[in-house]
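These notes concern the structure reproduced below.
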Amino acid sequence: MLNAIYEQDFLPCSYGFRPGLSPHDALDAIGRTICRGPIAYVLEADIQGYFDAIVRSQLMAFVERRIGDRSILRLIRKWLHVGVVEDGRLLVTETGTGQGQVISPLLANIYLHYVLDEWFEHEVKPRLRGRAAEIRYADDFILCFQYREDAERVLAVLPKRFAKYGLTLHLRRRSSSRLGARHSRAVPTRRSRRPSTFSVSRTSVRAADGGGSRFTSGLSANACGVV
């Protein structure tokens, strides 16, 4: 039931743990955004210990914006406080969603829906000079920009935004390189095979063409910077 409710709210930029969507869909979205649009700069983010860092009181405040049934809210609170068993010991923490629980992926998506997705779509993008886009798979995401000044402005406020909700970004400034449709000659456009994984926090974003060659967008391990 909760999935059905929030599927009406989640934005198209969110791909993780959603019905009918896969890592390949997120990777395709990255390819379309960078290779076909006027995108020149990319910010990449890695959220440190995301599932364990979520502030439960703020998460419940987000949930209560959409769910009014007290019995459902009580059940979600019980899920959050149930703890986990490690090496035969019950561990109860004050933060986090209890990674591994059935409801954890949905709750994690709800949190970033409000912390990042809606904020970027409705508050950040209207204030930017050029085009911008977000692609997020669970707690990994990239932000794409047409202009360097927009990327740098967002880079300056992004850690503060996440810190407000108890989250820490691993940030690293990168040197710039040109991306996008205006520089697409170096990027293969024909593809018949898809890569088996999607990870923007640990590896480069890659796609395979029919001949087996690969292109890399320039995203690197645990970085959030202007690429």
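The values are calculated or read from the model by the stated rules, or taken from the named source; none is laboratory data. What you see is a predicted model, and the numbers here were worked out from it, not measured in a lab. Here the Cβ is made from the backbone with ideal geometry for all residues, glycine too, and neighbour counts use every protein chain on show. Only protein heavy atoms, including side chains, enter the accessible area calculation; ligands, DNA and RNA are left aside. Shrake-Rupley method; radii C 1.70, N 1.55, O 1.52, S 1.80 Å.
The table below lists the values:
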{"read-out": "Residues with amide H under 5 Å from that of Gly37, placed H, sequence gap 5 or more", "value": "Ala181"}
{"read-out": "Arg161 accessible area, assembled protein chains, probe 1.4 Å, Å²", "value": "40 Å²"}
{"read-out": "Nitroxide proxy distance, nm - points 7 Å out along Cα→Cβ at His81 and Phe17", "value": "2.1 nm"}
{"read-out": "Linear extension gain, Val55 paired with Lys160, 0.36 nm per residue minus alpha-carbon span", "value": "36.3 nm"}
{"read-out": "P(r) of segment 1-74 over all Cα-Cα pairs, binned every 5 Å from zero, in whole percent", "value": "3, 10, 15, 19, 20, 15, 10, 6, 2, 1"}
{"read-out": "Within straight-line cross-link reach of Lys125, lysines at Cα separation under 18 Å, skipping those fewer than 8 residues along the same chain", "value": "Lys160"}
{"read-out": "Reachable aspartates and glutamates from Lys78, criterion Cα separation under 20 angstrom, eight or more residues apart if same chain", "value": "Asp52, Glu64, Asp69, Glu86, Glu94"}
